[in-house]
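Q: Take a look at the following structure, please.
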Amino acid sequence: MNTTTETITLGGGCFWCVEAVFEQVEGVVAVESGYCNGHVKNPTYEQVCTGDTGYAEVVRVTFDPARIGLHQVLEIFFVVHDPTTLNRQGNDVGTQYRSGIYYESPAHERTAREVLGELVASGACSGPIVTELAPLANYSRAEAYHQHYFANHPDQGYCAFVVAPKVEKFRKTFSRHVRQASSTA
């Protein structure tokens, strides 16, 4: 049994959206909302929302590379958010909503550069890709009420109108990567 996991940290706008998608991906073993690459110690959600801390809302995705590779994780990431809008995803505007890939190893940096190159070469995006690619720095876990937000509040307005369509897009586009319900309850 493979017990080795890898982790990549992704910023794709509001962390509730990215978290909700990756919680449904086969091979992902943990998902955590948080903040990274800012300049204050232990930031709060309120501080990050000001846009003055340098932090991005992110999701740390821990996955089993024997079941899903980083390449596939990043392909999903690029389908469920818009990598061409600088500091914005839909109505969420500010540097804290920037598109970003925050890596912890040279191998992950290489894979991210490869996927970005493939995306550019494919011409799939309507404009230049503005996704930040940087080493992970100053990661801080988001407050408990942000964890598993969509799963806990599917009928909340933002979840119903913004998060749910992204989850549905993932489920339709990547049906082979959708986590199957456990047969043991």
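The values are calculated or read from the model by the stated rules, or taken from the named source; none is laboratory data. On a predicted model such as this, the values are computed, not experimentally measured, just so you know. A quick note on method: Cβ atoms are made from the backbone with ideal geometry, for glycine too, and the neighbour counts reach across all protein chains shown.
Q: Based on what the data block shows, is Phe78 surrounded by 15 or more Cβ atoms within 10 Å (Cβ to Cβ), under 12 Å from the mean Cα position of the chain (by Cα) and under 23 Å from Lys169 (Cβ atoms)? Quick ask: steps written out before the conclusion?
A: Numbers: surrounded by 15 or more Cβ atoms within 10 Å (Cβ to Cβ): yes; under 12 Å from the mean Cα position of the chain (by Cα): yes; under 23 Å from Lys169 (Cβ atoms): yes.
When the stated conditions are applied, Phe78 passes them.
Q: Report yes if Ser122 is modelled with pLDDT of 95 or more and more than 17 Å from Ala30 (Cβ to Cβ), otherwise no.
A: Here the answer is no, as Ser122 does not meet what is asked.
Q: Additional query: Return the residues of segment 52-68 that are of a type outside the set (D, E, K, R) and either touching an Asp or Glu at 6+ places or on another chain (Cβ under 9 Å) or crowded, with 23+ Cβ neighbours inside 10 Å (or both); say none if nothing qualifies.
A: Passing the criteria: Tyr55, Ala56, Val58, Val59, Val61, Thr62, Phe63, Pro65, Ile68.
Q: Among the residues of segment 136-172, write down those that are of a type in the set (Phe, Trp, Tyr) and more than 20 Å from Tyr35 (Cβ to Cβ).
A: Matches in segment 136-172: Phe161, Phe170.
Q: How about segment 138-177: which of its residues are more than 16 Å from the chain's Cα centre (by Cα) and outside any helix (DSSP H, G or I)?
A: Of everything in segment 138-177, those that are more than 16 Å from the chain's Cα centre (by Cα) and outside any helix (DSSP H, G or I) turn out to be Asn138, Glu143, His153, Pro154, Asp155, Gln156.
Q: If you don't mind, another one. Picking from Val48, Val31, Val58, which residue would you name as being at pLDDT 95 or above and outside any strand (DSSP E or B)?
A: Val48
Q: Quick check, is Cys49 within 23 Å of Cys159 (Cβ to Cβ), surrounded by fewer than 20 Cβ atoms within 10 Å (Cβ to Cβ) and either under 9 Å from the mean Cα position of the chain (by Cα) or not aromatic (Phe, Trp, Tyr) (or both)?
A: yes
Q: From (1) surrounded by 23 or more Cβ atoms within 10 Å (Cβ to Cβ); (2) touching a Leu at 6+ places or on another chain (Cβ under 7 Å), pick out the condition that doesn't hold for Thr111.
A: Of (1) surrounded by 23 or more Cβ atoms within 10 Å (Cβ to Cβ); (2) touching a Leu at 6+ places or on another chain (Cβ under 7 Å), only one is false for Thr111: (1).
Q: Moving to a separate point now. Using beta carbons and a limit of 7 Å, which pairs, at least six apart or on different chains, have the first residue in segment 119-147 and closer than 21 Å to Gln47 by Cα and the second one of a type in the set (Asp, Glu) and in a loop (DSSP other than H, G, I, E, B)?
A: Leu136/Glu104
Q: Do any residues in segment 6-24 that are closer than 9 Å to Val59 by Cα have Cβ atoms under 6 Å from those of residues that are of a type in the set (D, E, K, R), where the two are at least six apart or on different chains, and which pairs are they?
A: Thr9/Arg60; Gly11/Arg98; Phe15/Glu57
Q: In segment 86-102, what residues are surrounded by 17 or more Cβ atoms within 10 Å (Cβ to Cβ) and either touching a strand residue (DSSP E or B) at 6+ places or on another chain (Cβ under 6 Å) or under 13 Å from Ile129 (Cβ atoms) (or both)?
A: Scanning segment 86-102 gives Gln96, Tyr97, Arg98, Ser99, Gly100, Ile101, Tyr102.
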